[in-house]
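What follows is a structure written as structure tokens; I'll ask about it next.
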There are 4 protein chains.
Amino acid sequence: MYTKKRKILAVTGARSEYDIISPILEHLQKNSEIELGIIVTGSHLSEAFGNSVTEIEKDGYNIISRIYNLINSNKKIGRILSLGNQIAPLAQVFEQWKPDIVMVAGDREEAISVSMTAAYMDIPVAHIAGGDIAKDGNIDNSVRYATSKFAHIHFTILEQHKENLIRLGEDEWRIHNLGNPALDKFINTKKISIEELENRTGYNLNDGQFGMLIYHPIITQIDSEGDNIKSIIQSLRKTNLIYLINSPNSDAGYANIVKYYEENLINDKQFTLFKNLDREIYVNLLRYSKILIGNSSSGLIEAPSLSLPVVNIGPRQRSRFNAGNVIFVDYNETEINNAIELSQSALFKEKLNKMENPYGNGESALNIAKVLFTLNIDKELIHKNITY
Amino acid sequence: MYTKKRKILAVTGARSEYDIISPILEHLQKNSEIELGIIVTGSHLSEAFGNSVTEIEKDGYNIISRIYNLINSNKKIGRILSLGNQIAPLAQVFEQWKPDIVMVAGDREEAISVSMTAAYMDIPVAHIAGGDIAKDGNIDNSVRYATSKFAHIHFTILEQHKENLIRLGEDEWRIHNLGNPALDKFINTKKISIEELENRTGYNLNDGQFGMLIYHPIITQIDSEGDNIKSIIQSLRKTNLIYLINSPNSDAGYANIVKYYEENLINDKQFTLFKNLDREIYVNLLRYSKILIGNSSSGLIEAPSLSLPVVNIGPRQRSRFNAGNVIFVDYNETEINNAIELSQSALFKEKLNKMENPYGNGESALNIAKVLFTLNIDKELIHKNITY
Amino acid sequence: MYTKKRKILAVTGARSEYDIISPILEHLQKNSEIELGIIVTGSHLSEAFGNSVTEIEKDGYNIISRIYNLINSNKKIGRILSLGNQIAPLAQVFEQWKPDIVMVAGDREEAISVSMTAAYMDIPVAHIAGGDIAKDGNIDNSVRYATSKFAHIHFTILEQHKENLIRLGEDEWRIHNLGNPALDKFINTKKISIEELENRTGYNLNDGQFGMLIYHPIITQIDSEGDNIKSIIQSLRKTNLIYLINSPNSDAGYANIVKYYEENLINDKQFTLFKNLDREIYVNLLRYSKILIGNSSSGLIEAPSLSLPVVNIGPRQRSRFNAGNVIFVDYNETEINNAIELSQSALFKEKLNKMENPYGNGESALNIAKVLFTLNIDKELIHKNITY
Amino acid sequence: MYTKKRKILAVTGARSEYDIISPILEHLQKNSEIELGIIVTGSHLSEAFGNSVTEIEKDGYNIISRIYNLINSNKKIGRILSLGNQIAPLAQVFEQWKPDIVMVAGDREEAISVSMTAAYMDIPVAHIAGGDIAKDGNIDNSVRYATSKFAHIHFTILEQHKENLIRLGEDEWRIHNLGNPALDKFINTKKISIEELENRTGYNLNDGQFGMLIYHPIITQIDSEGDNIKSIIQSLRKTNLIYLINSPNSDAGYANIVKYYEENLINDKQFTLFKNLDREIYVNLLRYSKILIGNSSSGLIEAPSLSLPVVNIGPRQRSRFNAGNVIFVDYNETEINNAIELSQSALFKEKLNKMENPYGNGESALNIAKVLFTLNIDKELIHKNITY
């Protein structure tokens, strides 16, 4: 008997969020009873952010639409205009492709534009990584909450996120706490020797005596980001390590950070700037790195799986669940240097070696894909807050 | 000493929602230390929905932008495209006019587009009528919740709405439960004699032996709305009253209802169709009406102030707080006729005559205007979910 | 040897323009070496204009996108906003589907939005029906010219249109004067007996003693259209014929005309209003009609093939090439009645019977399809005004 | 007697085009019977292109709207999406501000979006610099033509441009050939001594032994622009001059050029990169420069007023009217070096010293402002191609 395939449409708008959904996509792709489509948008399509759509193309997915939406402006208005640019094209692709489920992750423009558009069109939305509450005053918080209120099925990363969603009024049956799929990919990334890593990157890895710095701008403190990054760099100059520095993401304020890097670190042997490294290389760099510094979510979520110590500077990530490997400090050179020293102590390392990662067991993607495949799609799913 | 005026920008997109905010606008307008601007959008600007912008012009407000956004389609995609059309113009007007506060009411496209756009731009949003939970599965529910998650200050209508917002994670200090401002206007509407009313409308009011029918479409049951309205009309034919029927609002499905009216009620003496009546006339019609039938929010919110019995048919309004004047029934002719009979009984009328209206005391608008004027606008207001 | 199919993408936005391109589509569809895609937009997708997309679906074409763009407003701003709504979705569909040629016809919003978007993306544009010059001051004139300046290949309808395009600076090799494809379909429409026609429409055709009225609004005289249509109807009341009246198209001003019809002609036996008739029925009605009145292009272009006399009222169509069957008059009752009388005279009818239709020989569509298939697509085609 | 001021609304989207209109704005601003508004859009609002809106703010004009429209993409689709983003905000500002005349210059996205939007809304459009025909196959050609077909009044720069517009079917009375207003400003720029110039820029001007390079990308040869700029730089290395290099404009392909500069010229003493210099400094640099190289329009239009020799490389500007100071060459090192040598010969310089600039006499802006002020605004102006 012929049965119509289940049509699942994933939308991805940024490299970091693609890392979360791509392990799920792999499982969906293998399932011959699923028709999988991808819409690529956001910074994936901008040369200025590394044009990461090419990576998705390499992964071989069926890209059904490319939505060029990013407005070329560093001002606050830029993000909302970019969001607005997604709505009509999303709606018109949904109308045409007729997905059974739309999937989106995270708390950026794509999350809200996709979930809102699909919900208005009575298409079920599966949202990944809702329920988190970052106490940083960033608009992403409101976006994440609002996305959850439009979404019909939730895949949370931590038990506490699930509880938050229930408090927000979401039905418990809509919430599946299955961990972070990005971790699956991370844990299973092929190991590369440090020599090969040096060969492939061309970076001097200093016999492993290196750290990594990933610092993203915070929209509520755009004007001070130049000073903030300066404090950080000056602290790092006092340590014995060399550092690999990743470019910041595209939030308002990134230009101030990039400017500081370009004006101060070019041709400085202690610091090497990079952007959009091959994932395999990036993960292996983290594996050999002595420390991760900055305010990347990697420090909270992925570092525990590597027993990697983390110094997280400034308010970003503060309210995230800390497995125990992260030391939080302010933009203060003494604090930063003290934290780095502590993080490299024998005691701290011993503690990390015993730790398990509460963010996931490496099977999140498989389990999410199963739910997406077996989920009952009916009126009850679509019409939220209804009493029959 | 010169002090900059506080700039308040209200956005209005529909007749019914303008009724809620206009009493507040009146108070703001009178305050010489406030600069008030209005953005008009949505169905106000459509001839098909009565071009109600002319009423706002007559009210003499400073309209700083007209955003023509409504897509001419009866399909679900229409509403989300219309919403998307608002974002860029809103953002660009906000950027230019630089409001200190943006105000929006309700749970339709304007509510979410305005609150989201302003929140992304770090402009405080005052939202009126959040926290309500209609258990009807309509997208408006998700819109209302999501709007609250973007808004910075909430004016709720009922105490239970305030409690809902607190459960949703909103800070208590952001919530002001001040009742429904539409009621202020309603209560204070000038009385007109029934004779004058007949003269001004040209309607036969049958010595006061008339009822009113206001039935709006429900997006989740578009296809059956033709049958639903048929049941209702057939029930009404069995009563001794004549009826004035208001056009449905612009939700998907309205075309089915209008079609039924046009094909069946033209030249029928028991029924008179009207749209967008002058407010004064509309309120006075309600005053003399023996009953209000359909699924209008007026039945729940305003009718208690008139001791007007209401028969609410179908799921719409079901979960709203019932002051005691409303009888809820299904699309069933017997049920409808029984409810009408009950509503006209002496006992029921006696009960209504003793009732107070829990939706407001007639001073909501004044109190809301005061908060908007005195509200402290600072980082704490703007950055939600922040821990300092 | 495998050869990639030529991908041709047609965009259609209105019933009248679909009549022009659909005969070409039929030929393209039959060619197994062509992959044909259709984008449907504009009034095709509006219930208010008859939702004619269903007809395209019935024709069985591969609709690759539906672009809902029409803004619900009768004001001038409505058309340009509607046009603006098409650009991003068009661009994003072009980017994804990668047409070798895009085809569009006429002089309305779609013509300019499609040709401009494709030209910016270096996709060759084939434009049908350029080079016409209507001396009516309508924006369509500017649109038609501008479209020609973006288009890479032109299919004109009359020899004088080709000459106009050459004067406009278009290379002669880009211009193919092949007549109006709508005529092919028109001429070959199956004949229906007048009895069957009555049965299928339910209209009284009065033993063939009927005329047809098709009057479209003129954007430059919106305010007087109510009076204009009144003059016309009053003239028709003085004749012995009954009349079938088609709804006006969606240009600004149509509401005034529709309003007049609805207020004055409902239940009037001399007049029957209709909209979006089945094409077969429409053509056969014209065949039996004694006269066509109004300002439809049918009077100029198609009527000659039926030897049908036409009275064209007002400035619209004035500058169109008149095969000899059209009498042009002003909004003046005497003029209109005199023209009707003349048109029904034996002499006039004799002249019509001898006439050939200069607008096409019935093979236009086939010939256009051939050019689209064999056309050399190279840099010379794409880069206009280049000197190598 | 009170007379309403004439409201003129200028739209500007790029630095180079602002140079053309700003002299006109100065004259309009001084006229107390004119109300002048400015809409700023395009690259003016992008940090990546120097955020030149700040310059307009400094000039003190009444900016009534900022339209952030630029899509962050180097691909062809970027420009048309950016154009599409302008339409709704333009229309909505026009609707609100109600200009009597809209003014726009040039042949980029703003030209067509503004003229099309205004024309659809029956607002007269004054277009500056139409009628030029660059035989380079660039989309700008089609844009410039199409803009002229929407515009109601034309200010041309050369007599031959006026003739072209007449050939295009524009009424002669609509065309005013008054020269290039950018030249007015250019000619009257205050002189700065070479020493002060060095102080203010911090550049080494090498005792005046320097040239300037301004090379913009050509959309039809994006992929070869890296090689093209390489040939040019290698030629320049063989000369005795040092060079100041201006950043390319934002057309597709600019990233390839910038990449070459950044990878090859950083820390090279013969070359100094700059972007968006203060106009006064830029003009004075040209005054002392021995040669202008590249493909900037300055070489054709402004250089004649300075008797400055120009070597124009590649197809851009080829078809422009050459006053005699420009030597056109291909991307060929020998050709380039020969041309530089010729340009520095005594004979060539002598010829230049005798030359008058055919592009303008320095009073263009004043004369254009006069026409804009006195122009009769009536139906004849607005309804093009009408026969009364």
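The values are calculated or read from the model by the stated rules, or taken from the named source; none is laboratory data. Quantities reported herein were computed from a predicted structural model and do not represent experimental measurements. Glycine also receives a Cβ, built like all others from the backbone with ideal geometry; neighbour counts cover every protein chain displayed.
Being surrounded by fewer than 17 Cβ atoms within 10 Å (Cβ to Cβ) and under 20 Å from B:PHE94 (Cβ atoms) is the filter; apply it to the stretch B:1-33 and report the residue that is modelled with the lowest pLDDT.
The residue in question is B:LYS4.
Here are some conditions: (1) within 21 Å of A:ILE87 (Cα to Cα); (2) buried (at least 24 other Cβ atoms within 10 Å of the Cβ); (3) in contact (Cβ under 8 Å) with a residue 40 or more places away in the chain. C:VAL102 meets all but one. Which one does it not meet?
The number of the failed condition is (1).
Any residue in the stretch D:121-148 that is within 26 Å of D:ILE313 (Cβ to Cβ) and in contact (Cβ under 8 Å) with a residue 24 or more places away in the chain sitting within a Cβ distance under 7 Å of a residue that is assigned to a strand (DSSP E or B) and not basic (Lys, Arg)? List the pairs, counting only those 6 or more apart or interchain.
Sorted first by the residue in the stretch D:121-148, then by its partner, the pairs are D:ALA129/D:ALA105; D:GLY131/D:HIS154; D:GLY131/D:THR156; D:LYS135/C:ILE386; D:ASP136/C:ILE386; D:GLY137/C:ILE386.
Of all residues in the stretch A:73-94 being of a type in the set (Val, Ile, Thr) and at the interface with chain B (Cβ under 9 Å from one of its Cβ atoms), which is surrounded by the fewest Cβ atoms within 10 Å (Cβ to Cβ)?
In the first step, residues of the stretch A:73-94 are kept if they are of a type in the set (Val, Ile, Thr); the result is A:77, A:80, A:87, A:93.
So of that shortlist, the ones also at the interface with chain B (Cβ under 9 Å from one of its Cβ atoms) come out as A:77, A:80, A:87.
On the way: A:ILE77: 21, A:ILE80: 26, A:ILE87: 27.
Taking the candidates together, the pick is A:ILE77.
Just for the stretch A:258-273: of the residues that are surrounded by 15 or more Cβ atoms within 10 Å (Cβ to Cβ) and out of contact with any helix residue (DSSP H, G or I) (no Cβ under 8 Å at 6 or more places or on another chain), which one is farthest from A:SER231 (Cα to Cα)?
Among them, the one singled out is A:THR272.
Of everything in the stretch D:34-72 that's at the interface with chain A (Cβ under 9 Å from one of its Cβ atoms) and in a strand (DSSP E or B), which residue is nearest to D:GLN92 (Cα to Cα)? Walk me through how you get there before you give the answer.
As a first pass, look at the stretch D:34-72 and keep what is at the interface with chain A (Cβ under 9 Å from one of its Cβ atoms): D:43, D:45-49, D:51, D:66, D:68-72.
Those left that are additionally in a strand (DSSP E or B): D:66, D:71.
Working: D:ARG66: 12, D:ILE71: 20 Å.
It comes out as D:ARG66.
Quick one: how many residues across the stretch C:110-121 are in contact with a His (Cβ under 8 Å, 6 or more places away or on another chain) and within 19 Å of D:LYS75 (Cβ to Cβ)? Show your work before the answer.
Here is the first cut: in the stretch C:110-121, the residues in contact with a His (Cβ under 8 Å, 6 or more places away or on another chain) are C:111, C:115, C:119.
Narrowing further to those that are within 19 Å of D:LYS75 (Cβ to Cβ): C:119.
Matching residues across the stretch C:110-121 total 1.
Would you mind telling me which numbered condition in (1) assigned by TED's automatic domain parsing to the domain that holds A:LYS290; (2) in a helix (DSSP H, G or I); (3) buried (at least 21 other Cβ atoms within 10 Å of the Cβ) A:HIS216 fails?
A:HIS216 satisfies every listed condition except (2).
Yes/no per residue for (1) under 25 Å from D:LEU70 (Cα atoms); (2) among the polar types (S, T, N, Q):
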{"residue": "D:ASN199", "(1), (2)": "no, yes"}
{"residue": "D:GLY202", "(1), (2)": "no, no"}
{"residue": "D:GLN209", "(1), (2)": "no, yes"}
{"residue": "D:HIS216", "(1), (2)": "yes, no"}
{"residue": "D:ASP223", "(1), (2)": "yes, no"}
{"residue": "D:SER231", "(1), (2)": "no, yes"}
{"residue": "D:SER247", "(1), (2)": "yes, yes"}
{"residue": "D:LYS259", "(1), (2)": "yes, no"}
{"residue": "D:ASN267", "(1), (2)": "no, yes"}
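Being of a type in the set (A, V, I, L, M) and surrounded by 14 or more Cβ atoms within 10 Å (Cβ to Cβ) is the filter here; which residues of the stretch B:343-354 pass it? Reasoning before the result, please.
Taking the stretch B:343-354 as the starting set, the residues that turn out to be of a type in the set (A, V, I, L, M) are B:346-347, B:352.
The one that is of a type in the set (A, V, I, L, M) and surrounded by 14 or more Cβ atoms within 10 Å (Cβ to Cβ): B:LEU352.
All but one of (1) in a helix (DSSP H, G or I); (2) crowded, with 23+ Cβ neighbours inside 10 Å; (3) in contact with a strand residue (DSSP E or B) (Cβ under 7 Å, 6 or more places away or on another chain) hold for B:ALA365; state the number of the condition that does not hold.
It fails just one condition, (3).
Restricting to the stretch C:163-198, count the residues that are within 14 Å of chain D (Cβ to nearest Cβ) and either of a type in the set (Ser, Thr, Tyr) or in a loop (DSSP other than H, G, I, E, B) (or both).
Quick first cut of the stretch C:163-198, residues within 14 Å of chain D (Cβ to nearest Cβ) only: C:163-171, C:174.
Restricting the remaining residues to those that are either of a type in the set (Ser, Thr, Tyr) or in a loop (DSSP other than H, G, I, E, B) (or both) gives C:168-171.
Qualifying residue count for the region: 4.
Based on what the data block shows, is A:ASN276 within 25 Å of A:ASN138 (Cβ to Cβ) and free of Cβ contacts under 8 Å to residues at least 60 places away in the same chain?
Numbers: within 25 Å of A:ASN138 (Cβ to Cβ): yes; free of Cβ contacts under 8 Å to residues at least 60 places away in the same chain: no.
Spelling it out, it is not the case that A:ASN276 is within 25 Å of A:ASN138 (Cβ to Cβ) and free of Cβ contacts under 8 Å to residues at least 60 places away in the same chain.
When D:LEU158 is evaluated against the numbered criteria (1) within 13 Å of another protein chain (Cβ to nearest Cβ); (2) surrounded by fewer than 23 Cβ atoms within 10 Å (Cβ to Cβ), which criterion, by number, is the only one it fails?
Every condition holds for D:LEU158 apart from (1).
List the number of the failed condition for D:ILE386; all other conditions in (1) aliphatic (A, V, I, L, M); (2) at pLDDT 90 or above; (3) within 30 Å of C:ILE218 (Cα to Cα) hold.
So the condition that D:ILE386 fails would be (2).
Condition first: farther than 26 Å from D:LEU244 by Cα and in contact with a strand residue (DSSP E or B) (Cβ under 7 Å, 6 or more places away or on another chain). Can you find one or more residues in the stretch D:199-206 that meet it?
no
Considering the stretch D:124-133 alone, what residues qualify as being touching a strand residue (DSSP E or B) at 6+ places or on another chain (Cβ under 9 Å) and either facing another protein chain (nearest Cβ under 7 Å) or buried (at least 24 other Cβ atoms within 10 Å of the Cβ) (or both)? Show your work before the answer.
Step one: of the stretch D:124-133, the residues touching a strand residue (DSSP E or B) at 6+ places or on another chain (Cβ under 9 Å) are D:124-132.
If the condition is that a residue be touching a strand residue (DSSP E or B) at 6+ places or on another chain (Cβ under 9 Å) and either facing another protein chain (nearest Cβ under 7 Å) or buried (at least 24 other Cβ atoms within 10 Å of the Cβ) (or both), then D:VAL125, D:ALA126, D:HIS127, D:ILE128, D:ALA129, D:GLY130, D:GLY131 are the ones that fit.
Does the stretch D:49-65 include one or more residues that are over 20 Å from the mean Cα position of the chain (by Cα), aliphatic (A, V, I, L, M) and under 21 Å from A:ILE80 (Cβ atoms)?
Yes, the stretch D:49-65 contains a residue that is over 20 Å from the mean Cα position of the chain (by Cα), aliphatic (A, V, I, L, M) and under 21 Å from A:ILE80 (Cβ atoms).
Could you tell me whether any residue of the stretch D:96-107 is aliphatic (A, V, I, L, M), assigned to a helix (DSSP H, G or I), over 28 Å from D:GLY253 (Cα atoms) and more than 7 Å from every other protein chain (Cβ to nearest Cβ)? Even if it seems obvious, please write down each step before you answer.
Step one: filter the stretch D:96-107 for residues aliphatic (A, V, I, L, M), giving D:101-105.
Next, from what is left, pick out any that are assigned to a helix (DSSP H, G or I): none.
No - not one qualifying residue is present in the stretch D:96-107.
Further question on the same structure: Looking at (1) in contact with a Phe, Trp or Tyr (Cβ under 7 Å, 6 or more places away or on another chain); (2) over 19 Å from C:ASP278 (Cβ atoms); (3) of a type in the set (A, V, I, L, M); (4) at pLDDT 95 or above, can you tell me which one C:LEU265 breaks?
Condition not satisfied by C:LEU265: (4).
Give the stretch C:269-286 a look and list any residue that's of a type outside the set (Val, Ile, Thr), at pLDDT 90 or above and either in contact with a strand residue (DSSP E or B) (Cβ under 9 Å, 6 or more places away or on another chain) or closer than 17 Å to C:ASN204 by Cβ (or both), or say none. Please lay out each step first, then the result.
Of all residues in the stretch C:269-286, those of a type outside the set (Val, Ile, Thr) come to C:269-271, C:273-280, C:282, C:284-286.
Among the residues that remain, those that are also at pLDDT 90 or above are: C:269-271, C:273, C:280, C:282, C:284-286.
Passing the criteria: C:LYS269, C:GLN270, C:PHE271, C:LEU273, C:TYR282, C:ASN284, C:LEU285, C:LEU286.
Do you know which of the residues in the stretch A:342-388 that are in contact with a helix residue (DSSP H, G or I) (Cβ under 8 Å, 6 or more places away or on another chain) and β-branched (Val, Ile, Thr) is nearest to the other protein chains (Cβ to nearest Cβ)?
So the residue we want is A:ILE386.
Applying the selection to the stretch C:371-380, what residues are in a helix (DSSP H, G or I) and buried (at least 17 other Cβ atoms within 10 Å of the Cβ)? Step through it out loud before you land on a result.
The initial filter retains those residues of the stretch C:371-380 that are in a helix (DSSP H, G or I), namely C:371-374, C:379-380.
Of everything in the stretch C:371-380, just one residue is in a helix (DSSP H, G or I) and buried (at least 17 other Cβ atoms within 10 Å of the Cβ), namely C:LEU372.
So, of the residues in the stretch A:134-155 that are assigned to a loop (DSSP other than H, G, I, E, B) and aliphatic (A, V, I, L, M), which turns out to be farthest from the other protein chains (Cβ to nearest Cβ)?
Here is the first cut: in the stretch A:134-155, the ones assigned to a loop (DSSP other than H, G, I, E, B) are A:134-135, A:137-138, A:151-152.
From the residues that got through so far, the ones that are aliphatic (A, V, I, L, M) too are A:134, A:151.
On the way: A:ALA134: 7, A:ALA151: 9 Å.
It comes out as A:ALA151.
Just need a number here: residues in the stretch A:223-245 that are out of contact with any Asp or Glu (no Cβ under 6 Å at 6 or more places or on another chain), part of a helix (DSSP H, G or I) and either surrounded by 18 or more Cβ atoms within 10 Å (Cβ to Cβ) or not assigned by TED's automatic domain parsing to the domain that holds A:GLY314 (or both).
Within the stretch A:223-245, residues that are out of contact with any Asp or Glu (no Cβ under 6 Å at 6 or more places or on another chain), part of a helix (DSSP H, G or I) and either surrounded by 18 or more Cβ atoms within 10 Å (Cβ to Cβ) or not assigned by TED's automatic domain parsing to the domain that holds A:GLY314 (or both) number 6.
How many residues are in a helix (DSSP H, G or I) and either in contact with a Lys or Arg (Cβ under 7 Å, 6 or more places away or on another chain) or not assigned by TED's automatic domain parsing to the domain that holds D:ILE21 (or both) if we restrict to the stretch D:112-122? Don't jump to the end; show me each part of the working.
Initially, the stretch D:112-122 is screened for residues in a helix (DSSP H, G or I), giving D:112-120.
Of the ones still in play, those that are also either in contact with a Lys or Arg (Cβ under 7 Å, 6 or more places away or on another chain) or not assigned by TED's automatic domain parsing to the domain that holds D:ILE21 (or both) are D:120.
Number of matching residues: 1.
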